[in-house]
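Below is one structure; the comments refer to it alone.
The values are calculated or read from the model by the stated rules, or taken from the named source; none is laboratory data. Treat the numbers as computed from the prediction; the structure is a model and nothing was measured. Every residue, glycine as well, gets a Cβ built from its backbone with ideal geometry; the counts of neighbours run over all protein chains shown.
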Amino acid sequence: MKLKDKVAFITDGASPAGQGIAARLAEEGARVAANVFPALSPAGLEPPPPAELMSSADPCSKAAIDGAVQAVLEKYGRIDILVFNNNEIIPAALEDCDDETFDRIMAVNVKSAYLYAAAAGVSMKERRSGSFVFVSSIHDEKPCGACFAYSMAKGCLKNLAREMVLDMGKFNIRTNVIEMGPVEAEWERFYSDLSPLYEHAGERINGPRMGTIRDIAEAVLYFAADDSGFANGSELRLDGGFLLTYWVRRKNLDRATGRELKPVW
């Protein structure tokens, strides 16, 4: 088993991706801990069964995250793998986004990653070993058009990972990013009248199927295991060619009047 006796901590563990990642890492022998914060997890989902230790830390609170990380360290003595899986999406146009929405998106998607990295990084540096895997989005490069703050946050997350490579790499701590495209049970969260990007999403994929939770879990396993020991600062795009697809652009309508906006050129 690739992760025998290693300790993995997964954030947003009750989400579909969190549960799939937890199950896959446990299959490979990892001892799994997870943070399950009710406000992030879809209603009706049960906590991931493979998690031996559960916490409910507010992902925006330094004190809460420090406490959750400390609980894992007290139980297992170390954290070998930290999978940052937070993915907060609140559709909002630039002119309509209020402060609370903007702050929430930035805090859950990027500030929380910094807090987890700072909390877990201390013990990893002491042991001179560790792996951070950020489950991010293709929108760290391409705007989604429906949630500008989300794209901003994911872009910040990518650069946080790069800074962590420079800060932690010399301690044998790796940081890698997975850029997810449309995934079953997840992609509809991006759909909005603000943007046509996810209309006919399945037809934009250059392959026979949509991405799956299993695809995410396998990518996390790759970066978490020693097989990828030389991968540090890598960015793996999993989108089935979604971003390479040309598509007929729908009419650009003025949101106030409903009239079509004509190009000025």
Search result, residues across the range 79-104 that are surrounded by fewer than 23 Cβ atoms within 10 Å (Cβ to Cβ) and hydrophobic (A, V, I, L, M, F, W, C): 89, 90, 92, 93, 94, 97, 102
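Can residue 127 be described as surrounded by fewer than 19 Cβ atoms within 10 Å (Cβ to Cβ) and among the basic types (Lys, Arg)?
Values: surrounded by fewer than 19 Cβ atoms within 10 Å (Cβ to Cβ): yes; among the basic types (Lys, Arg): yes.
Considered against the rule, which asks whether it is surrounded by fewer than 19 Cβ atoms within 10 Å (Cβ to Cβ) and among the basic types (Lys, Arg), residue 127 comes out as yes.
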Is it the case that the range 53-76 has a residue that's part of a strand (DSSP E or B), aromatic (Phe, Trp, Tyr) and at pLDDT 90 or above? no
Any residue at all in the range 141-148 that's of a type outside the set (Ser, Thr, Tyr) and buried (at least 23 other Cβ atoms within 10 Å of the Cβ)? yes
Residue match in the range 30-40 (condition: small (Gly, Ala, Ser), under 18 Å from residue 214 (Cβ atoms), in a loop (DSSP other than H, G, I, E, B) and at pLDDT 95 or above): yes
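Test of understanding: among 104, 128, which residue is at positive phi and not hydroxyl-bearing (Ser, Thr, Tyr)? Give the derivation first.
Values: 104 fails: at positive phi.
Exactly one of 104, 128 is at positive phi and not hydroxyl-bearing (Ser, Thr, Tyr), namely 128.
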Count of the range 156-179 residues which are in contact (Cβ under 8 Å) with a residue 24 or more places away in the chain and under 17 Å from residue 106 (Cα atoms): 5
Checking the condition crowded, with 22+ Cβ neighbours inside 10 Å, among the β-branched types (Val, Ile, Thr) and part of a helix (DSSP H, G or I), which residue from 122, 108 passes? 108
Count, please, the residues in the range 1-29 that happen to be more than 21 Å from residue 127 (Cβ to Cβ), in a loop (DSSP other than H, G, I, E, B) and more than 12 Å from the chain's Cα centre (by Cα). 1
